[in-house]
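The values are calculated or read from the model by the stated rules, or taken from the named source; none is laboratory data. Just so it is clear, the structure is predicted and the values come from calculations on it, not from any experiment. Ideal geometry is used to build each Cβ from the backbone, glycine not excepted, and the neighbour counts take in all protein chains shown. Heavy atoms of the whole protein, side chains included, go into the accessibility calculation; ligands, DNA and RNA do not. Shrake-Rupley method; radii C 1.70, N 1.55, O 1.52, S 1.80 Å.
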Amino acid sequence: MDCLFCKIIARQIPADIVYEDDKVLAFNDISPQAPVHILIVPKKHIDKVSNLKESDKDIVCELIFTAKKLAQEKGIAESGYRLVLNNNRDAGQAVLHIHLHLLGGRKMGWPPG
Ligand code: 5GP
Ligand code: ZN
């Protein structure tokens, strides 16, 4: 499949991997927007939130709990962090394989751009 994140999961493209289990992979964003900027992706290819199925509920849970765990490991759990899940064009989703952004280590603005 011609999907960037599937290729990272298959180790066909290198990435700075910070966590892996049977369901998810997490790696540093190539263009970090904060001191901590990690992408957490399901190993199963799902293109976007709009196409999630009922049977994907567990995977979505995994993404969030992995983010929580990594935030603790990276020392940003107390200071705070932002989880971003862009869906489709207007949100700026560039890679059509669901990915949860974990951003932290600096004060965030609101509303987002
Ligand atoms: P989106 O805009 O789709 O929510 O986020 C895509 C993210 O993937 C961007 O933050 C971008 O910097 C990151 N990205 C794009 N290509 C690569 C890559 O080859 N490796 C890594 N580690 N991150 C990438
Ligand atoms: Zn994929």
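Just checking the listed ones, 54, 62, 73: in the Gaussian network model of the chain with Cα springs under 10 Å, the one fluctuating most is 54. Counting only protein heavy atoms and a 1.4 Å probe, the chain has 62 square angstrom of accessible area per residue.
With R₀ fixed at 25 Å, the C-beta to C-beta distance from residue 2 to residue 44 puts the FRET efficiency at about 0.95. Computed from label points 7 Å out along Cα-Cβ, the spacing between residue 33 and residue 110 is 1.6 nm. Note on the range 4-104: the C-alpha convex hull projects to 6.2 nm² when averaged across all orientations. For the chain, averaging the sequence separation of C-alpha pairs within contact (under 8 Å, six or more residues apart) and dividing by the residue count gives a relative contact order of 30 percent.
Per-residue ellipticity at 222 nm, computed for the chain from helices alone with -39500 (n - 2.57) per DSSP H run of at least four residues, works out to -6000 deg cm²/dmol.
Computed over the chain with a Gaussian network model linking Cα atoms closer than 10 Å, the most mobile of 53, 69, 23 is 53.
Please compute the modelled spin-label separation between residue 78 and residue 65, points set 7 Å along Cα→Cβ, answer in nm with one decimal. Going from the residue 65 label point to the residue 78 one covers 2.6 nm. Counting protein heavy atoms only, the chain has 53 percent of its accessible area on carbon and sulfur, 1.4 angstrom probe. Remark: the residue 88-residue 51 segment gains 12.3 nm on full extension, using 0.36 nm per residue and subtracting the alpha carbon distance.
For the chain, modelled as a GNM whose springs connect Cα atoms under 10 angstrom apart, the maximal fluctuation among 47, 29, 16 occurs at 16. Dipole of the chain computed with +1 at Lys/Arg Cβ and -1 at Asp/Glu Cβ about the Cα centre; of 70, 24, 86, farthest Cα towards the positive end is 86.
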